[in-house]
Amino acid sequence: MDICRETSSQWMTEFHNQLVRGKHVLLHGNVADQFLLNGEYCSLAGFLDTYFRSEGFEVVGRYDIADGLRLVSPDMQPVFQGLINARRRTGGGAVSPMGEPAPRAANVPAGGAHGCDGTPISPSTGRAPSSPATIPPGPQPTMAPGSASQLPSFRSVDEAVRAIRLILAQAEVPAAMIMDFADMLVSDPERQDDSEREVLTQLKKTMQSARILTAGPLQGRRNALVIVAGHLGAVPRWLYVDNPMVALVHVPRPSREERQCFLRRFIANFHEGSPISAERLRRVTEEFSDITDGLTCWDLESIRRTSLAEQISIQRPKKLVDYFKYGRRDDPWENLDPAKIRKARGRLQSRVIGQPQAIEAVLKTLACAVGGISSSGSSGEGGQPKGVLWFCGPTGVGKTELAKALTELIFGDESAFARFDMSEYKQEHSTERLTGSPPGYVGFEQGGQLTGRCLERPFSLFLFDEIDKAHPRVLDLFLQILEDGRLTDSHGKTAFFSKACLVFTSNIGGSTLEAAVLGSDGQLPEYSAIRDHYLAQVRRHFVDVLGRPELLNRLGDNIVVFDIVRPESMPAICRKFLAALTASAREKRDIQLEFGDEVVEMICGLMCQGENFTMGGRRIKTLVREHIEAPLNRWILLNGPEPGQRLVLGVEDDSARILINGERVPNDQ
């Protein structure tokens, strides 16, 4: 069969070459999709049927656990039955002469994929948007149960595999057998029961005993066994590893060229796809192929249907594909008010105090995300997340708060903020919690925590807190997200992260900060020393501890180092917490609180004692709760202030005790 490399899916040539070399083939990957064959679209079943009949194989059968063993054409049944009877008469030994060969099935022209269950896709025209043109249905059962080519004697898997072994072990009639859904043959690829092990052993012996044809146009070719599995990991490894009789051929998702071919072929069937100039077609095709990386052919067809159903023009491919992926027309990134961006520095600084360098780094990333100009592709819109940031620095300095503030700035509300505590993912199997448990395992129904959240709200900021505490295998998932911008869960659903912002936080280097950068005179280090210390520790963690420098490379200059909380920033942080206390008192008790400057000075003085400064702003909040909030609540419970009452809080001389309206609040009151 002639397979044109320019107009066919590339794996088809590899498939043909392996069969010519005498190998059996295990096809795995994107096997449920549609594929290009000499310019026409067909299912995998349609391609295999067309290929083997065009090559001259006189018996072509397929088996799956649902429909049993069946032939692709009724006129093959007499030949098949004759071969089975002959092999049984000889006890499965040498094949007896068959006399005159059975009539050869007519060859199918190489130009089209017209298998029993995969008709070519051809563009349709003249359809109104309310009646969209469609790609013909995908793979259907080759023959319905009870039809002429159904073989009721070989419905069980053990009977079918024995029959396949008999058919392939003769050398007179060219035969090809296809095992569909091979990833469903066993319940556990690592452990098989006796019946499963017997079937798999028969299948492996079938590969070994398949004969080379001794006469006819296919003389020298081997009878072929093709195993089809969507998930290679569900096929026991011992069936194919170190097996010289089988070759693995991966069936990938459509390449960039195939996606371009799809659009050129069917653009007239998109909304506003015709008329279109040659130059405009080139630009639209380039952008479409850039932003549909990783999608299947069926996904591309769904995009075409979406274009017609929602009246979204193909001449705005980004808007169309975004609607297909995320289910909404408005894009918060595109709708960001430029004035809001210009005022972003002040808004962030009001929430995260004393971190000007970190805020500048975040604003740079935000500008790149909103601007959209990128070296990753002509469209400026790759599949990677909008922004990726790695926050490191001392504890309690505002890393999480800055992430929340950024969420509110971009998406308008903090409900778009999703935090994952990575200390809960210390075990190797923790990856399953993020993407979902495999079928048959506890938790499969719930799906993945991360993929589920992204599918529900793709316009989000994902915070992965204390990422250094997660198992190294978990980092492989994040590498996939950073590279491809997508993740597939255990249900086969793909979550797209290209509209999300990812923030990782870590305390790497925190335990050695004081010894590394504090001078003998007790003076606080400059920010540059803090930055150099953390950057060196993060690099050491990725390169020396994890042995994963590629993760460090992917982060690039997006590592943001936070400074320690310095004395000049402490009063503002303290006043921020006191303001929150004041608002709570007004809302809950309808009382007014006023704080003297000595309250702020007292808290800042406590912060400069011992190791408090290394604990950051979180320690300031703890001191406010301990020395102000707790005594205040005790006083309120004992004195029952009237609504609207004004309370002035001060500090007793030379102590850490507060005064309320000039009166001491004893610690034991």
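Values in this text are rule-based calculations from the coordinates and carry no lab data. Nothing here was measured: the structure is a model prediction, and the numbers come from that model. As a convention, Cβ positions derive from the backbone with ideal geometry for all residues, glycine included, and neighbour counts pool all protein chains shown.
How far, in nm, would the chain grow between D158 and R237 when pulled straight, counting 0.36 nm per residue and subtracting the alpha carbon separation?
Length gained, D158 through R237: 26.5 nm.
Between the range 10-37 and the range 182-213, how far is it from one alpha carbon centroid to the other, in angstrom?
Cα centroid to Cα centroid, the span is 20 Å.
Count of lysine pairs in the range 338-561 with Cα atoms under 20 Å apart, counting only pairs 8 or more residues apart in sequence or on different chains?
16
Give the residue list of GluC sites (Glu not before Pro) in the range 466-556 that are DSSP loop and have at most 15 other beta-carbon atoms within 10 angstrom.
E526
In whole Å, what is the distance between the alpha-carbon centres of the range 424-438 and the range 299-361?
30 Å
Let's see if you can work this out: charge +1 on each Lys and Arg Cβ, -1 on each Asp and Glu Cβ, no other charges. What is the dipole magnitude of the chain about its Cα centre, in debye to the nearest 20?
1580 debye
Got a sec? Charge dipole of the chain, +1 on Cβ for Lys and Arg, -1 for Asp and Glu; which of I559, L649, S528 is way out at the positive end?
About the Cα centre, the residue reaching furthest to the positive side is I559.
Counting DSSP beta bridges in the chain, what percent are antiparallel, to the nearest 5?
Around 35 percent antiparallel, to the nearest 5.
Taking the beta-carbon count within 10 Å as an exposure proxy, list T206, T214, T201 from fewest neighbours to most.
Fewest-to-most Cβ neighbours within 10 Å comes out as T214, T201, T206.
Would you mind computing, in nm to one decimal, how far apart the modelled labels at S430 and R283 are, each placed 7 Å from Cα along Cα→Cβ?
4.8 nm
Among (i) 26.2; (ii) 33.8; (iii) 30.1, find the value of Kirkwood radius over Cα pairs in Å that was calculated from the structure presented, and write down its label.
The listed entry that was calculated here is (iii).
Hey, what number do you get for the chain at 222 nm if only DSSP H runs of n ≥ 4 count, each worth -39500 (n - 2.57), divided across all residues, to the nearest 500?
-11500 deg cm²/dmol
Rank these for me by crowding, L406, L551, L225, going from fewest to most other beta carbons within 10 Å.
By the 10 Å Cβ count, ascending, the order reads L551, L225, L406.
Suppose R0 equals 22 Å; then what is the FRET efficiency for A367 and T488 from their Cβ-Cβ distance, rounded to the nearest 0.05?
Efficiency at R0 = 22 Å is approximately 0.10.
Under 5 Å between amide hydrogens, which residues at least 5 positions from Y41 or on another chain qualify, with H placed 1.01 Å from N in the peptide plane?
Sorted by chain and number, the residues that satisfy this are I121.
What lysines could a cross-link reach from K205, if we take a straight Cα to Cα line under 20 Å and drop same-chain neighbours fewer than 8 places away?
Leaving aside lysines fewer than 8 places away in the same chain, those within reach of K205 are K23.
What is the local net charge at Q202, summed over the other residues whose Cβ is closer than 14 Å to its Cβ (Lys, Arg +1; Asp, Glu -1)?
0
What does the charge count around L479 come to, taking other residues whose C-beta lies under 13 Å from its C-beta (Lys +1, Arg +1, Asp -1, Glu -1)?
Combined, the nearby Lys, Arg, Asp and Glu give 0.
Where nothing but the Cβ of Lys and Arg (+1) and of Asp and Glu (-1) is charged, how large is the charge dipole of the range 256-326 around its Cα centre, in debye to the nearest 20?
Dipole of the range 256-326, to the nearest 20 debye: 160 debye.
Quick one: if the Förster radius is 60 Å, what FRET efficiency do W298 and A536 give, using the C-beta to C-beta distance and rounding to 0.05?
So, using R0 = 60 Å, E works out to roughly 0.80.
Quick one: which residues, 5 or more positions from I227 or on another chain, have an amide H under 5 Å from its amide H? H modelled 1.01 Å from N in the peptide plane, none for Pro or chain starts.
V25, L26, L27, M179
Once the Cα gyration tensor of the range 567-664 is found, what semi-axes does its equivalent ellipsoid get, as square roots of 5 times the eigenvalues, in whole Å, sorted largest first?
24, 14, 11
What's the ranking of 287-296, 588-597, 634-643 by average number of surrounding C-beta atoms within 10 Å, highest first?
Result, highest mean Cβ count within 10 Å first: 287-296, 588-597, 634-643.
If you line up the long axis of helix 356-371 against the longest principal axis of the chain, both from Cα atoms, how many degrees apart are they, to the nearest 10?
40 degrees
Using 0.36 nm per residue of separation minus the Cα-Cα distance, give me the extension gain between R646 and E514 in nm, one decimal.
43.2 nm
Work out, step by step, the length gained on full extension between Q202 and H471: first 0.36 nm times the residue separation, then minus their alpha carbon distance; give nm to one decimal.
That works out to 92.8 nm of additional length.
Among C604, C297, C4, C454, what is the fewest-to-most ranking by other Cβ atoms within 10 Å?
Result, fewest neighbours first: C4, C604, C297, C454.
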